[in-house]
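We did not get these values from a lab; they are worked out from the coordinates using the rules stated. Keep in mind that this is a model prediction, so the values were computed, not measured. Reconstructed Cβ throughout: ideal geometry from the backbone, glycine too, with neighbour counts over all protein chains shown.
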Ligand SMILES: [Zn+2]
């Protein structure tokens, strides 16, 4: 597969690259995420499939328990 630019899409770093600002940082790997992904040109940020997968499976290496008490 070549890395062609997709029409109407742009390549950005995963939102979890910066865990300080990401609201999905609980699903970021240790030290932040280095994945890149294509998102809609109108969008500002996206979550890569790895972090999305973590959020779906609600996994985070098992060393931390997930709290729903915030907010
Ligand atoms: Zn990610």
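Before moving on, here are some points about what is shown:
- At an R0 of 22 angstrom, the distance between the Cβ atoms of residue 30 and residue 56 translates into a FRET efficiency of 0.70.
- The value of relative contact order for segment 9-55, using C-alpha pairs under 8 Å at least six residues apart, is 45 percent.
- Exposure proxy shown here: for 38, 27, the number of other Cβ atoms within 10 Å sets the order, fewest to most, as 38, 27.
- The ranking of 11, 47 by Cβ neighbour count inside 10 Å, starting from the fewest, reads 11, 47.
- When each of 23, 36 is scored by the number of other beta-carbon atoms lying within 10 Å, the sequence from fewest to most is 23, 36.
- Inter-label distance, nm, simple model (7 Å from Cα along the C-beta direction), residue 38/residue 11: 1.1 nm
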